[in-house]
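Have a look at the structure below before the remarks.
The values are calculated or read from the model by the stated rules, or taken from the named source; none is laboratory data. Because the structure is a prediction, the values reported are computed rather than measured. As a convention, Cβ positions derive from the backbone with ideal geometry for all residues, glycine included, and neighbour counts pool all protein chains shown.
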Amino acid sequence: MWPDFIHHLSLHFAIVLPMALAAGGTYERRCEIDALIPLIRWGGVVALVMTCVAVVSGLLAGGFSGGDETLQHHRYLGILTLVAVAIAAVGYDQAVRRKISDLQSFAVGMWWVASISVIGAGHWGGIGEHSDVIPF
């Protein structure tokens, strides 16, 4: 019960933060607004922590393998989201520390990858959890 509860509490951060960081990072790269850099950098750390909590609690609640096809899609896309968030957060942090503009742009691109994968994970999780109320 507790892993399931923690998963449902933490997943909303893991859904929203990559999307917000992708949009903010793109805006920062296009308009060169240095004031956004610390926000994106530390937001990435928070996103990484909350995504780790969501994935680990989800794996503990739903198991590491097995389940129907819907749960498998949800599980694998959630893990992919964690990997993309980790690459984005660490890449952006290192880019800022070392002043590597191309790495910073790559990290923002990874925030977009994380955003797309979290949409897929949310879709399959919603189908699996709420299939009785979804009309399609």
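Take segment 16-54 and flag every residue that is among the β-branched types (V, I, T), over 15 Å from A88 (Cβ atoms) and in a helix (DSSP H, G or I).
V53
Say whether the condition of being part of a helix (DSSP H, G or I), farther than 29 Å from D34 by Cβ and among the β-branched types (V, I, T) is met by at least one residue in segment 82-94.
no
Could you check segment 75-97 and list, in sequence order, the residues that are closer than 17 Å to W42 by Cβ and surrounded by fewer than 17 Cβ atoms within 10 Å (Cβ to Cβ)?
V90, Q94, R97
Confirm whether T70 is modelled with pLDDT of 95 or more, of a type in the set (S, T, Y), under 30 Å from D132 (Cα atoms) and part of a helix (DSSP H, G or I).
no
Can you name the residue in segment 8-32 that is modelled with pLDDT under 95 and small (G, A, S) and is also surrounded by the fewest Cβ atoms within 10 Å (Cβ to Cβ) among such residues?
Out of the qualifying residues, it is S10.
Looking only at segment 93-136, which residues are of a type in the set (F, W, Y) and farther than 15 Å from M19 by Cβ?
Once the filter is applied, which keeps residues that are of a type in the set (F, W, Y) and farther than 15 Å from M19 by Cβ, segment 93-136 yields F106, W124, F136.
For segment 95-132, how many residues meet the condition of being part of a helix (DSSP H, G or I), among the polar types (S, T, N, Q) and at pLDDT below 95?
0
Please go through (1) of a type in the set (G, A, S); (2) surrounded by 20 or more Cβ atoms within 10 Å (Cβ to Cβ); (3) closer than 25 Å to S105 by Cβ for A35 and return the number of the only condition it doesn't satisfy.
(2)
Residue by residue, here is whether (1) under 19 Å from the mean Cα position of the chain (by Cα); (2) under 18 Å from G24 (Cβ atoms) holds:
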| position | (1), (2) |
| --- | --- |
| Y76 | yes, no |
| W112 | yes, yes |
| S115 | yes, yes |
| G120 | yes, no |
| H123 | yes, no |
| H130 | no, no |
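In segment 10-47, which residues are closer than 26 Å to H123 by Cβ and of a type in the set (G, A, S)?
Listed by number, the residues that qualify are S10, A14, A20, A22, A23, G24, G25, G43, G44, A47.
Take the residues in segment 98-123 that are in contact (Cβ under 8 Å) with a residue 24 or more places away in the chain, among the hydrophobic types (A, V, I, L, M, F, W, C) and touching a Phe, Trp or Tyr at 6+ places or on another chain (Cβ under 9 Å), then tell me which one is surrounded by the most Cβ atoms within 10 Å (Cβ to Cβ).
Top of the filtered list is W111.
Taking interchain pairs and intrachain pairs at least six residues apart, which have beta carbon atoms under 6 angstrom, with the first residue in segment 34-57 and of a type in the set (S, T, Y) and the second modelled with pLDDT of 95 or more?
Going by the 6 Å Cβ cut-off, the qualifying pairs are T51/L82; T51/V85.
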